[in-house]
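**Student:** First, the structure itself, so that you have it in front of you.
The values are calculated or read from the model by the stated rules, or taken from the named source; none is laboratory data. What you see is a predicted model; the values in this text were computed from it and never measured. Positions of Cβ are generated from backbone atoms using ideal geometry, with glycine treated the same way; all protein chains shown enter the neighbour counts.
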Amino acid sequence: MIDVQYGYEEKGRAVLEDINLELSQGKYIALIGPNGCGKTTLLRHLNGLLIPRQGEVWIHGMNTRDPDTLQEVRRRVGMVFQNPDHQIVGMSVEEDVSFGPGNLCMSPGEIQRRVKRSLGLVGMETQARRAAHCLSSGEKQLVAIAGVLAMDPAYIALDEPTAYLDPAGTKRVLEVIKTLNRNGITIVHATHDMDQIVEADQVLVMGEGRILYNGSPKEVFTRIEWLKELGLDIPKVTELMWRLREMGNDVGPDILTLDEACIALSSRLKAGQGRV
Amino acid sequence: MPCLHGLRRGRAGFRTMVMIGQYVPGDSVVHRLDPRVKILSVIGLSIMILSGTVLTGAVVGFFLVSLIPLSRLSLRPVARALRPIWVFVLILFLLHLLFTKGRPIPPLGPWPVTVTYEGLFRGLGVAWEFILLVMSASILTMTTSPTELVSGIERLLRPLKAIGISSHDVAIMISIALRFVPLLLEEMKRIKEAQTARGAVFESGPLLGRARAATSLMVPVIMGSMRKADDLVTAMEGRAYRRGPRTTLRELRLSGPDYGALAVMILITAVYGLERYSLGAGGFPLLS
């Protein structure tokens, strides 16, 4: 689906190089990598906000280079950005959510139906009439997601959507993203927070404009030293397991979540009478 | 919360700017009127107020005052909207009172200046006109949400397509500008606090120093706005925005009360026309 030999140029050098990806439907794909590695640039290629210098991006058989299908590409691939304040267009919540469908020239009745449904999906249906600037950052981000949902997308690309949020807002937004994924929407989620990628189906690690790794979260966390070299964080649980392993304990390398760790450790604690 | 409370806590200048005619959510007949009807009425009333005379002034005044209970606004926010303009009204009144030639009013005491009957009438008239203008505009903005105002303007400007102005573009521009006001105020406050924390002085000191401090405040605010605008454009394009026609959440449609309001406006216009063109010379010009 994505085949970019040479993407978007900045200060004389390519931000993306030799990227060849197939994003399969319904997956939760996490995109990680240090700052400036091209995550944002890659996401912006997905819905034609940026067009590759060489290479092509195909969405459902539509080339993002083709101006005739660009509207349709943008409808299929929704984009949620980092700063909640910089992406809300409308003055009220419902008005903002109606922006996308309005651009697609839907009838007022259809727009109202979609606004109601999308706000319901993110749990903001009671806030429809509120002024957008009165919302918390987390709520703004939910509104941004609803705005994308109102266009009925098959993919949603999120560019560090929780970077500006407090823990409560982050939790709410992540819950919503997971629910949407369960409902069949493909998620491409760029993030710095390694704890957020544990539940992904597929992890892409980027560095200097290239995809360095493409696999499952379980596999990626077997390469802990390599990740540290890249300057990436390791989820706390994984780090704990890794250290325990380094100390000669026999704990599996495939433990990523707190639940898995609890089960593994408690069984060992019981077996070893209080010693791991 | 960076909501209204944040704005109210700001400096008096911001506060009054935001408070004049701020939208008061409600469900009255006036609130539910089509924004186009309200905008056109305010424009019509303003023309009549400025060019009309005693009778028109009285009729429009009666009409506007009766709108206050009809829109279920309490008197306080209306009075508050008028508060910042009292000084202007007073100055206007005094200027006309003191500088109009005519028959002098016999002084009631040891007044150092002579005032004339004409000056008194003209001063009162001008002050009355000014109050009516502010009142009509305030009632419009207090009973019409910014969203409705923008969609009303959008519809009213549609004929401008003939001369190449897209009312959709104008509407998007206005609504984004309105949407950014609270954001910019918030950012200004933050930058100001950051600079105050590093020793900048905004509220006191010599005028030149304050002007300099204000410049150092404006530069980051403007830079920040540029970045915001850039991000916003990307976000808008990401949501399939392009220039040209787009639809909105609600399509405006005239209903019963709107026709009623139009009828009242026609009635007032008739009174105005009668006074201006039939009574002609008999009318007493308030402002000429």
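**Student:** Working only within the range A:142-183, note down all residues that are under 19 Å from A:Glu95 (Cβ atoms) and of a type in the set (Gly, Ala, Ser).
**Tutor:** Of the range A:142-183, the ones under 19 Å from A:Glu95 (Cβ atoms) are A:142-152.
Of everything in the range A:142-183, those that are under 19 Å from A:Glu95 (Cβ atoms) and of a type in the set (Gly, Ala, Ser) turn out to be A:Ala144, A:Ala146, A:Gly147, A:Ala150.
**Student:** Tally time: how many residues in the range A:139-155 are buried (at least 22 other Cβ atoms within 10 Å of the Cβ) and more than 23 Å from B:Ile176 (Cβ to Cβ)?
**Tutor:** Residues flagged as buried (at least 22 other Cβ atoms within 10 Å of the Cβ) and more than 23 Å from B:Ile176 (Cβ to Cβ) within the range A:139-155 amount to 1.
**Student:** Another question, if that's okay. Among the residues of the range A:104-125, which ones are closer than 20 Å to A:Lys140 by Cα and within 9 Å of chain B (Cβ to nearest Cβ)?
**Tutor:** If the condition is that a residue be closer than 20 Å to A:Lys140 by Cα and within 9 Å of chain B (Cβ to nearest Cβ), then A:Ile111, A:Gln112, A:Val115 are the ones that fit.
**Student:** Does the range A:69-89 contain at least one residue that is part of a loop (DSSP other than H, G, I, E, B), in contact with a helix residue (DSSP H, G or I) (Cβ under 7 Å, 6 or more places away or on another chain) and modelled with pLDDT under 85?
**Tutor:** Looking through the range A:69-89, none of the residues is part of a loop (DSSP other than H, G, I, E, B), in contact with a helix residue (DSSP H, G or I) (Cβ under 7 Å, 6 or more places away or on another chain) and modelled with pLDDT under 85.
**Student:** Right, here's the next one. Consider A:Val122 against the criteria (1) over 22 Å from A:Ile187 (Cα atoms); (2) of a type outside the set (Asp, Glu); (3) surrounded by 22 or more Cβ atoms within 10 Å (Cβ to Cβ): it satisfies all of them except one. Which criterion is unmet?
**Tutor:** Just one mismatch for A:Val122, condition (1).
**Student:** Can you pull out every residue in the range B:214-235 that is β-branched (Val, Ile, Thr) and away from chain A (no Cβ under 11 Å)?
**Tutor:** The answer is B:Thr215, B:Val219, B:Val221, B:Ile222.
**Student:** Just to be sure before I move on: is B:Arg72 surrounded by fewer than 17 Cβ atoms within 10 Å (Cβ to Cβ), of a type in the set (Lys, Arg) and not in a helix (DSSP H, G or I) in the structure I sent?
**Tutor:** Details: surrounded by fewer than 17 Cβ atoms within 10 Å (Cβ to Cβ): yes; of a type in the set (Lys, Arg): yes; not in a helix (DSSP H, G or I): yes.
In short, yes.
**Student:** Out of the range A:171-189, which residues are of a type in the set (Ser, Thr, Tyr) and surrounded by 14 or more Cβ atoms within 10 Å (Cβ to Cβ)? Steps first, answer last, please.
**Tutor:** Taking the range A:171-189 first, the residues of a type in the set (Ser, Thr, Tyr) are A:179, A:186.
Within the range A:171-189, just A:Thr186 meets the criteria.
**Student:** Would a scan of the range B:135-150 turn up a residue that is assigned to a loop (DSSP other than H, G, I, E, B), out of contact with any strand residue (DSSP E or B) (no Cβ under 6 Å at 6 or more places or on another chain) and within 27 Å of B:Ser41 (Cα to Cα)?
**Tutor:** Residues of the range B:135-150 assigned to a loop (DSSP other than H, G, I, E, B): B:144-145.
Filter once more, so that each one left must be out of contact with any strand residue (DSSP E or B) (no Cβ under 6 Å at 6 or more places or on another chain): B:144-145.
Imposing the further condition that a residue be within 27 Å of B:Ser41 (Cα to Cα) reduces the set to B:144-145.
Among the residues of the range B:135-150, at least one is assigned to a loop (DSSP other than H, G, I, E, B), out of contact with any strand residue (DSSP E or B) (no Cβ under 6 Å at 6 or more places or on another chain) and within 27 Å of B:Ser41 (Cα to Cα), which makes the answer yes.
**Student:** May I ask you to list the residues in the range B:252-265 that are within 14 Å of chain A (Cβ to nearest Cβ) and surrounded by 12 or more Cβ atoms within 10 Å (Cβ to Cβ)?
**Tutor:** B:Leu252
**Student:** Okay, next question. Could you please tell me which pairs satisfy a Cβ distance under 6 Å, a separation of 6+ or placement on different chains, a first residue in the range A:249-276 that is on the phi < 0 side of the Ramachandran plot, and a second residue that is modelled with pLDDT under 75 and surrounded by 10 or more Cβ atoms within 10 Å (Cβ to Cβ)?
**Tutor:** Hits for this filter: A:Asn249/A:Val276; A:Arg268/A:Val276.
**Student:** Which one of the conditions (1) buried (at least 17 other Cβ atoms within 10 Å of the Cβ); (2) aliphatic (A, V, I, L, M); (3) more than 24 Å from the chain's Cα centre (by Cα) does A:Leu256 fail to meet, given that it meets all the rest?
**Tutor:** The failed condition is (3).
**Student:** Just give me the residues in the range A:49-85 being more than 9 Å from chain B (Cβ to nearest Cβ) and of a type in the set (S, T, N, Q), in sequence order.
**Tutor:** Answer for the range A:49-85, where residues must be more than 9 Å from chain B (Cβ to nearest Cβ) and of a type in the set (S, T, N, Q): A:Gln54, A:Asn63, A:Thr64, A:Thr69.
**Student:** Out of curiosity, is A:Glu94 modelled with pLDDT of 90 or more, farther than 27 Å from A:Leu23 by Cβ and facing another protein chain (nearest Cβ under 10 Å)?
**Tutor:** The answer is no for A:Glu94.
**Student:** With respect to B:Leu249, is the statement that it is more than 14 Å from chain A (Cβ to nearest Cβ) and under 27 Å from the mean Cα position of the chain (by Cα) true?
**Tutor:** no
**Student:** Are there helices (runs of 4 or more DSSP H) fully within the range A:164-276 with at least 3 residues that are over 21 Å from A:Pro34 (Cβ atoms)? List them.
**Tutor:** Details: elements: A:167-182, A:217-220, A:224-229, A:236-246, A:258-271.
The qualifying helices (runs of 4 or more DSSP H) are A:167-182, A:236-246, A:258-271.
**Student:** Okay, next question. Within the range A:126-138, how many residues are within 11 Å of chain B (Cβ to nearest Cβ) and closer than 25 Å to A:Lys39 by Cβ?
**Tutor:** Qualifying residue count for the region: 1.
**Student:** I'm checking my understanding of the structure. Among residues of the range A:139-153 that are in a loop (DSSP other than H, G, I, E, B) and within 11 Å of chain B (Cβ to nearest Cβ), which one is farthest from B:Arg246 (Cα to Cα)? Break it down into steps so the answer makes sense when it comes.
**Tutor:** Initial filter on the range A:139-153 (in a loop (DSSP other than H, G, I, E, B)): A:150-153.
Next, from what is left, pick out any that are within 11 Å of chain B (Cβ to nearest Cβ): A:150-151, A:153.
On the way: A:Ala150: 15, A:Met151: 14, A:Pro153: 19 Å.
By that ranking, first place goes to A:Pro153.
**Student:** For the subset of the range B:187-197 comprising residues that are crowded, with 17+ Cβ neighbours inside 10 Å and not β-branched (Val, Ile, Thr), which member is farthest from the other protein chains (Cβ to nearest Cβ)?
**Tutor:** Residue satisfying both the conditions and the ranking: B:Lys192.
**Student:** Still on this structure, I have one more. Pairs, please: C-beta under 9 Å, at least 6 apart or cross-chain, first residue more than 18 Å from A:Pro253 (Cα to Cα) and in the range A:211-223, second loosely packed, with under 13 Cβ neighbours inside 10 Å?
**Tutor:** Sorted first by the residue in the range A:211-223, then by its partner, the pairs are A:Ile211/A:Asn20.
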